[in-house]
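Asker: Can you keep this structure in mind? I'll have questions shortly.
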Amino acid sequence: MSVELPDAERMRAVGMSVSTAAWDGYDWPDIFSSMARLNITDVELAFIKGYVNEFTDADLNAELAKRLCELMAQYGQRCTVLSAHIDLGEPGAAESMAVRIRFAAALGARYLISNASSLAGREYFEQGLDHMMAAAREAGVKLLFENPGDGSDNVINQASELATLTERLDASVTGINYDPGNLISHRPALSPVDDALKAIPQSDHLHLKAVSRKQDGYHFGALGTGDIDYAPIVEALAARRLPFSLELPFRLRRDEHAQPNKLAEPLPLEEIERGVAASLYWMAQNHPAL
């Protein structure tokens, strides 16, 4: 299997990381050792409530960051991205984001990804934006806002709405993480490929995940499967040399109303590794620099 996998140095050179979301339900030592078997050295750590193992803001501290860095170092790995989504239009979100910014800095992550805000909370989000940008600047972390997948009206729902937000941002410390796999459940009438191609020139980073619409909702699988043709998306992000993460939430489902839920038990480790390996092999076939 390792013969078919992209080389770790090439993955790093093109700015590709892989999210720990694929391994939801496993302990960190098992996750990092599994990633090492797949040549993965650049890691996106996923701390997304409802999507991965349960945690509180208090858990996102310097001690945990130190432990995670030490575990990754055993395999020559590093954290390049922290995904720690919250709705920044909710009361108390500014304090929770400050925790996440400090945690990202302690991990040495270059990017911190979060949702922006529900449309209902836009005023609260706008009020806290300057403070969040200042905190990110001081920490040396770039804060990226992601289009959501749950169908509820948001500050950014699709590519045509990105400019309104980016005009308000300091591009040196904030930007966009675009996720075509979210659009397919968030705005089902739109083409994820067309929208992604419009979003890429306005984005700093992308999430790639394969999604299949089924009778009971949305299921996630390996790249090269599902309802989104990622080949033109990968070609476009490669042309711009955009960094990106493979976010492969195999345990996650979205129901027919786009609301997230999870399988009761973690998937077998062998099944996870097969899905990640298939995604890496697909990337090697489709990214010109891999």
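The values are calculated or read from the model by the stated rules, or taken from the named source; none is laboratory data. Keep in mind the model is a prediction, meaning the values are calculated, not measured. No Cβ is skipped: glycine too gets one built from the backbone with ideal geometry, and neighbour counts run over all protein chains shown. The protein model used for the area step is the full one, side chains on, heavy atoms only, and it has no ligands, DNA or RNA in it. Shrake-Rupley method; radii C 1.70, N 1.55, O 1.52, S 1.80 Å.
Asker: Enumerate the amide H contacts of Ile228 below 5 Å, restricted to partners 5 or more residues apart or on another chain; note that Pro and chain-start residues carry no placed amide H.
Answerer: For Ile228, the qualifying residues are Val211.
Asker: Pull out the extension gain between Ala36 and Lys214, defined as 0.36 nm times the separation in residues minus the alpha carbon to alpha carbon distance; nm, one decimal. Walk me through the numbers on the way to the answer.
Answerer: On the way: separation 178, 0.36 × 178 = 64.08 nm, distance 3.28 nm.
So the chain would gain 60.8 nm between Ala36 and Lys214.
Asker: May I ask you to derive the relative contact order of the chain, considering only C-alpha pairs under 8 Å and at least 6 residues apart, and to give it as an integer percent?
Answerer: 19 percent
Asker: Could you sort Asp204, Asp194 by their accessible area in this structure, using a 1.4 Å probe and putting the largest first? Mind showing how you got there, number by number?
Answerer: On the way: Asp204 40, Asp194 85 Å².
Solvent-accessible surface, decreasing: Asp194, Asp204.
Asker: Give the calculated FRET efficiency between Glu126 and Glu63 to the nearest 0.05, with a Förster radius of 41 Å applied to their Cβ-Cβ distance.
Answerer: Given R0 = 41 Å and the Cβ-Cβ separation, E is 0.75.
Asker: Then there is this: Under the rule that an exposed site lies in a DSSP loop and has at most 11 other Cβ atoms within 10 Å, name the longest stretch of the chain with no GluC sites (Glu not before Pro) of that kind, not counting the sites themselves.
Answerer: For GluC sites (Glu not before Pro) (loop position, at most 11 other Cβ atoms within 10 Å), the longest site-free span of the chain is 168-290.
Asker: Here is a further query. Please give the contour-minus-distance gain from Arg241 to Asp150: 0.36 nm per residue of separation, less the Cα-Cα distance, rounded to one decimal in nm.
Answerer: Difference between extended and current length: 29.9 nm.
Asker: Pick from His205, His257, His219 the residue whose mean-square fluctuation is largest in a GNM of the chain, springs joining Cα atoms under 10 Å.
Answerer: Of the options given, His257 has the highest mean-square fluctuation.
Asker: Under the Karplus relation 6.51 cos²θ - 1.76 cosθ + 1.60, θ = phi - 60°, what is the ordered set of whole-Hz ³J(HN,Hα) values for segment 12-25, x standing for Gly and Pro?
Answerer: 5, 5, 8, x, 9, 10, 10, 7, 6, 4, 4, 9, 3, x
Asker: If amide hydrogens are placed 1.01 Å from N in the peptide plane, which non-local residues have theirs closer than 5 Å to the one on Asn154?
Answerer: So Asn154 has HN proximity to Leu119.
Asker: Could you run the Karplus curve 6.51 cos²θ - 1.76 cosθ + 1.60 with θ = phi - 60° over segment 56-67 and give me ³J(HN,Hα) per residue in whole Hz, x for Gly and Pro?
Answerer: Whole-Hz 3J(HN,Hα) from phi for segment 56-67: 10, 4, 5, 6, 8, 10, 5, 5, 5, 4, 5, 5.
Asker: From the phi angles alone, apply the Karplus equation (6.51, -1.76, 1.60; θ = phi - 60°) to segment 227-240 and give each ³J(HN,Hα) in whole Hz, x where the residue is Gly or Pro.
Answerer: 9, 10, 7, 7, 4, x, 5, 5, 4, 5, 5, 5, 5, 8
Asker: Now for a separate question. Pick out which of Leu82, Leu144, Leu165 has the largest mean-square fluctuation in a Gaussian network model of the chain, springs linking Cα atoms closer than 10 Å.
Answerer: Greatest mean-square fluctuation among the candidates belongs to Leu165.
Asker: Moving to a separate point now. Work out the length of the dipole vector of segment 41-188 about its Cα centre, built from +1 on the beta-carbon of each Lys and Arg and -1 on the beta-carbon of each Asp and Glu, and round it to the nearest 20 debye. Each step should come with its number before you reach the end.
Answerer: On the way: 12 positive and 21 negative charges, 92 e Å.
The calculated dipole for segment 41-188 is roughly 440 debye.
Asker: Oh, and also: Given the -39500 (n - 2.57) contribution per DSSP H run of 4+ residues, what per-residue ellipticity at 222 nm results for the chain, rounded to the nearest 500 deg cm²/dmol?
Answerer: Estimated from H runs of four or more residues: -11500 deg cm²/dmol.
Asker: Val141: accessible area at probe 1.4 Å, nearest 10 Å²?
Answerer: Its heavy atoms expose roughly 10 Å² to the probe.
Asker: Another question, then. Most mobile of Leu64, Leu112, Leu252 per a Gaussian network model of the chain (Cα springs, under 10 Å)?
Answerer: Taking springs between Cα atoms under 10 Å, the residue moving most is Leu64.
Asker: May I pose another question? In nm, give the distance between the simple-model label positions of Ala284 and Ala264, each being 7 Å from the Cα along the Cα-to-Cβ direction.
Answerer: Distance between label points: 3.8 nm.
Asker: Size of the dipole of the chain about the Cα centre, Lys and Arg at +1 and Asp and Glu at -1 on the beta carbon, nothing else charged, in debye to 20?
Answerer: With only Lys, Arg, Asp and Glu charged at Cβ, the dipole is about 560 debye.
Asker: Right, something else. Under the definition of Cα pairs under 8 Å and six or more residues apart, what whole-number percent is the relative contact order of segment 189-290? Before the final figure, lay out each step's value.
Answerer: Details: 142 pairs, mean separation 29.0, N = 102.
With pairs under 8 Å counted, the relative contact order is 28 percent.
Asker: Using alpha-carbon pairs under 8 Å, 6+ residues apart, how would you state the relative contact order of segment 1-74 in percent? Intermediate results must be reported in sequence, preceding the final value.
Answerer: Values: 53 pairs, mean separation 26.1, N = 74.
Relative contact order for segment 1-74 comes out at 35 percent.
Asker: Using modelled backbone amide H atoms (1.01 Å from N, in-plane), which distant-in-sequence or interchain residues come within less than 5 Å of Ile86's amide H?
Answerer: Asn115
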